[in-house]
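The values are calculated or read from the model by the stated rules, or taken from the named source; none is laboratory data. Predicted model only: the values in this text are computed from it and were never measured. Positions of Cβ are backbone-derived with ideal geometry, glycine not excepted, and every protein chain shown enters the neighbour counts. Protein only, heavy atoms only, side chains kept; ligands, DNA and RNA dropped before computing areas. Shrake-Rupley method; radii C 1.70, N 1.55, O 1.52, S 1.80 Å.
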Amino acid sequence: MKYFSTRNRKINFNFEEIFQRGLAPDGGLFLPYIIKKFNKTHLKKLKKFSYVDLTTEIVSNFCEPEFNKNKLKALIKKSYKKFKKKEVVSLVDVGEHKLLELYHGPTLAFKDIAMQCIGNMYEELNVKEDRTTNIVVATSGDTGAAAISALSNRKNINLFVLHPHNKISKIQRKIMTTIGGRNIYNIAVKGSFDDCQNIVKEMFADDIFRQTINMSGVNSINWARIIFQIVYYFYSYLKLGSKKVNYIVPTGNFGDIYAGYVAKKMGLPIEKLVVATNENDILKRVINTGIYKPLKVRASLSPSMDIQVSSNFERLLFHVLNSDTKVKKMMTGLKINGYFKLDKKIIKKIKKDFLAFKTTNQETKKTIKEIYNKYQMFVDPHTATGFNSATKFKNSYPKVILGTAHPYKFLETMKLATGKILKKPSQLNQISRSKEKFDILDNNTNLIKKYILDKQYEN
Ligand SMILES: *Cc1c(COP(=O)(O)O)cnc(C)c1O
């Protein structure tokens, strides 16, 4: 498969290149030239597939010839061994709604589903090379842990994880800073997630630095993340057996919900994709008014969604504008003016597929409590924004809410909302005994570059 940048359709890249780079050289995001469409007969056939086979069938469309179906299947099978559920995810009834639990992996958030496979893909691609890849990733709490679990102690790889200091939950931090091997470096940046992401983007834009450290990235802007996330939309749709389905997705960087949009493009009969945001509601604002304007990040009860620069939105922008020059113009406008504005026709196009609701901290707590009282069930604060959005969204087709993290990761908030202390899931048996390892650094790109340059040769 060949890929191009949302800001320049003319230069093309193969899968290995876009996998290693993450971000296009011009700052755009990569998109494939072709998105395969499954017809009804083909969809029916997929019903009998196991999760591993379904993943192989979907993902192989995007990464041949580097990964053919045989090679891919073995890799996927190996990647999902550590999951608590045989079928990786599980779809459960919660009252009138369906909850798609995506958090049965080793670090208890949906990020594991793509990241475990990505870790093995690195190893495959790196075997041919004798030099070290330095992966730098920004995290709002869950990506970092998933990446560490997937890449710890792998040969030829160093991983640098930037998280916003004191702005993630205690358990999120503990997982991240205790499970890593010798090749893992945790950096607590004195700033927000947007600052962390910005530092990583600046590093990618610096060609000399990027080449010096042989830099790579695994943020949700990496297309490889998206393709593994398409699968659970297919899986849950096929399980439900309804004609059409709505998906409600707790959203920050627009990665997970964008995977749903690609699933729809691939022929999945999705009625609406519902963006559930917390008080950082840039996506709700742009979908309803056309104005994309990042404001200051506010700390909320759902920290993994405390994001104002929703990077993957650029991909949707390309689809609805259908023009690389127009995307480039918008992104330049954003850089110069601090915002861009979409016209009515484009907003209408977006609203055909998307809808957005905001959930306040108050509503998040109330929702967690209500679900506990009604069903004796715990949902984490991110998933709670999904449940809250579901009550605001009227539609006759089934609503599948994506359960993005295990509630234990947000122990304090769960106690605040329900008065209960959750039992520790077995995946975390190790963490409380280990010593945390991280360095606190200023929000300064040059300083963090220097840190990485110094550390890369330690191993
Ligand atoms: C990352 C994350 C999200 C947001 O996902 P995006 O792909 O950035 O939209 C939501 N909930 C949890 C628990 C997460 O870790």
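Observations on the model:
- With all protein chains kept in place, the per residue accessible area of the chain amounts to 41 square angstrom at a probe of 1.4 angstrom.
- For the stretch 289-391, the relative contact order comes to 29 percent (Cα pairs under 8 Å, sequence separation of at least 6).
- Whichever lysines have a C-alpha closer than 20 Å to that of Lys84, once near sequence neighbours (fewer than 8 apart) are set aside: Lys73, Lys98, Lys111, Lys239, Lys409, Lys423, Lys424
- Trypsin sites (Lys or Arg not before Pro) lying in DSSP loop within the stretch 392-459, provided at most 14 other Cβ fall within 10 Å: Lys394, Lys420, Lys423, Lys435, Lys437
- Those trypsin sites (Lys or Arg not before Pro) in the stretch 287-326 that DSSP places in a loop and that have at most 12 other beta carbons within 10 Å: Lys296
- Computed from point charges on the beta carbon alone (+1 for Lys and Arg, -1 for Asp and Glu), the dipole magnitude for the chain about its Cα centre is near 1480 Debye.
- Note on the stretch 132-214: semi-axes of the ellipsoid equivalent to its C-alpha gyration tensor, largest first and rounded to whole Å, are 20, 17, 8.
- Working note: 222 nm ellipticity from helices only, DSSP H runs with n ≥ 4, each -39,500 (n - 2.57), summed and divided by the residues of the chain, gives -13500 deg cm²/dmol to the nearest 500.
- Kirkwood hydrodynamic radius of the stretch 99-250, Cα pairs, Å: 16.4
- A dipole drawn for the chain from +1 and -1 charges on Cβ atoms has a positive end, and of Leu447, Val136, Val400 the residue lying farthest that way is Val400.
- Lysine pairs in the stretch 1-70 with Cα atoms under 21 Å, if 8 or more residues apart or on separate chains: 19
- Angstrom value of the Kirkwood radius, inverse mean 1/r, which spans all Cα pairs in the chain: 22.1
- Convex hull (Cα only) mean projected area of the stretch 408-449, reported in nm² to one decimal: 5.0
- Under 19 Å from the Cα of Lys81 - aspartates and glutamates, other chains or at least 8 residues apart: Asp53, Glu57, Glu101, Asp112, Glu123, Glu124
- For the chain, the membrane-span-like helix rule (DSSP H, alpha carbon extent of at least 24 Å along the helix axis, mean Kyte-Doolittle at least 0.5) picks out 223-240; this says nothing about an actual membrane.
- Surface composition of the chain: carbon and sulfur atoms hold 50% of the protein heavy-atom accessible area at a 1.4 Å probe.
- Bins of 5 Å, starting at 0 and running to the largest distance - Cα pair percent for the stretch 65-151: 3, 13, 20, 20, 18, 13, 7, 3, 2, 1, 0
- Given charges at Cβ of Lys, Arg, Asp, Glu: the stretch 218-285 dipole, positive-most of Ile282, Val231, Val249: Val231
- When the P(r) is computed for the stretch 386-459, the part past 22 Å accounts for 60% of the Cα-Cα pairs.
- When DSSP beta bridges are restricted to pairs lying wholly in the chain, around 30% turn out antiparallel.
- Percentage relative contact order, the chain, counting C-alpha pairs under 8 Å, at least six apart: 19
- The stretch 97-158, dipole about Cα centre (Lys/Arg Cβ +1, Asp/Glu Cβ -1), debye to the nearest 20: 40
- The stretch 125-172: relative contact order as a whole-number percent, Cα under 8 Å and 6+ apart: 47
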